[in-house]
Amino acid sequence: MAFVLTNSHVSAAHAADVVSLNAPATQERDVRVLPSFDGTLPASKGKNPPALRTLHTTATAYNSQPNQTDSSPFITASGSCVREGVVASNAFRIGTKIRMSELFGDKIFVVEDRMNERYSKRVDIWMASEDDAREFGLKRGVKIEVISDGDGKKHWEEGWTNVECASLNT
């Protein structure tokens with residue numbers, strides 16, 4: 001499944017995700033496609049990529065409630081929309097891919113959000129449901145496998161609005 005937003009712009013880095021519509025020049029518009037993230041890297045589908053390093057830390061879960069985030073609860077600190085497979089952490093660079101195999105098997109998560117500065121070593125997993133986040137609770141000593149280090153690049157040039165991101169998650 002892919003999500004499509006119209007009348008938006010796309011950075012050159014995401015040109016492969018842009019579909020041109022056959023519309024008259026006066027009505028030309030770009031369509032932005034946000035592919036759903038199934039937790040696997042394209043090069044690793046069906047494989048289990050090796051970890052660069054492993055550490056143990058505390059894991060919690062959050063969702064897009066203003067009391068758990070900020071005034072734009074559906075936009076991550078990197079500028080992308082929250083979605084399944086996104087985690088918040090201050091311990092890793094934006095874009096870092098991690099696996100928590102003891103909790104989620106081979107699913108790979110990407111760090112795209114940040115936590116309150118007092119949580120320097122935690123991982124906070126985004127969940128669509130507040131009930132699911134509460135049920136997950138706080139888990140100590142979670143094994144984190146770093147699959148690839150992020151480049152720290154933010155995606156604010158993509159121009160997502162909180163309303164657009166919220167509509168993808170409802």
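The values are calculated or read from the model by the stated rules, or taken from the named source; none is laboratory data. Keep in mind the model is a prediction, meaning the values are calculated, not measured. Ideal geometry is used to build each Cβ from the backbone, glycine not excepted, and the neighbour counts take in all protein chains shown. Each accessible area value is taken on the protein alone, full model and side chains, heavy atoms only, with ligands, DNA and RNA left out. Shrake-Rupley method; radii C 1.70, N 1.55, O 1.52, S 1.80 Å.
Restricting attention to region 102-111, the residues that are open to solvent by less than 80 Å² (accessible area, probe 1.4 Å) and over 15 Å from A61 (Cβ atoms) add up to 3. For region 116-133, give me each residue that is more than 21 Å from T54 (Cα to Cα), touching a residue at least 24 places away in the same chain (Cβ under 8 Å) and open to solvent by 30 Å² or more (accessible area, probe 1.4 Å). Listed by number, the residues that qualify are E117, M127, A128, S129, E130, D132. Among the conditions (1) part of a helix (DSSP H, G or I); (2) at pLDDT below 95; (3) not aliphatic (A, V, I, L, M), the only one that P66 does not satisfy is (1). Given the condition hydroxyl-bearing (S, T, Y) and part of a strand (DSSP E or B), answer yes or no: does some residue in region 111-130 qualify? No: region 111-130 contains no residue that is hydroxyl-bearing (S, T, Y) and part of a strand (DSSP E or B). Considering the conditions (1) modelled with pLDDT of 85 or more; (2) among the acidic types (D, E); (3) buried (at least 17 other Cβ atoms within 10 Å of the Cβ), E164 is excluded by exactly one of them, (1).
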